[in-house]
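Single-structure report; data block below.
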Amino acid sequence: MADLVIPDPNVNGMRYFTGPDGAQYRWRPNPKNHDILLLDSSGAVIALFRPTRPTRYQIGDVYGELHFFRSAGMGTVMHPPIMDTVIVTMMLYRFCAQWNL
């Protein structure tokens, strides 16, 4: 799983991974707010994670919202292999950030 959240030595807080389509994607914090942005290989924002106040529901606790931009980049973020990878890498990114790994 370490290859899904490789730290970028040039940019503080940025981590990258290679998607199932062979393209490189990068998670990075937004400098303007608390959102975490997912950038594709061309630098277009294709998804973002927005932390929210923890809320308890019957099926579990919710700590944020994951938004996908359907038409951004190459438009492939909504396809099952990449969508699954985005969700897993977002969880890994937050884990690494929380535990300073």
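The values are calculated or read from the model by the stated rules, or taken from the named source; none is laboratory data. Everything numeric in this text was worked out from a predicted model, so none of it was measured. Using ideal geometry, Cβ is built from the backbone for each residue, glycine included, and neighbour counts are taken over all protein chains shown. Side chains included, ligands, DNA and RNA excluded: accessible areas come from the protein's heavy atoms. Shrake-Rupley method; radii C 1.70, N 1.55, O 1.52, S 1.80 Å.
Scanning the stretch 17-25 for residues that are closer than 14 Å to Arg94 by Cβ and open to solvent by 50 Å² or more (accessible area, probe 1.4 Å) turns up nothing.
Taking the stretch 67-94 as the range and being free of Cβ contacts under 8 Å to residues at least 12 places away in the same chain and open to solvent by less than 50 Å² (accessible area, probe 1.4 Å) as the test, only Gly75 passes.
One residue stands out in the stretch 6-20 among those that are at pLDDT below 90 and of a type in the set (S, T, N, Q): the one that is farthest from the chain's Cα centre (by Cα), namely Asn10.
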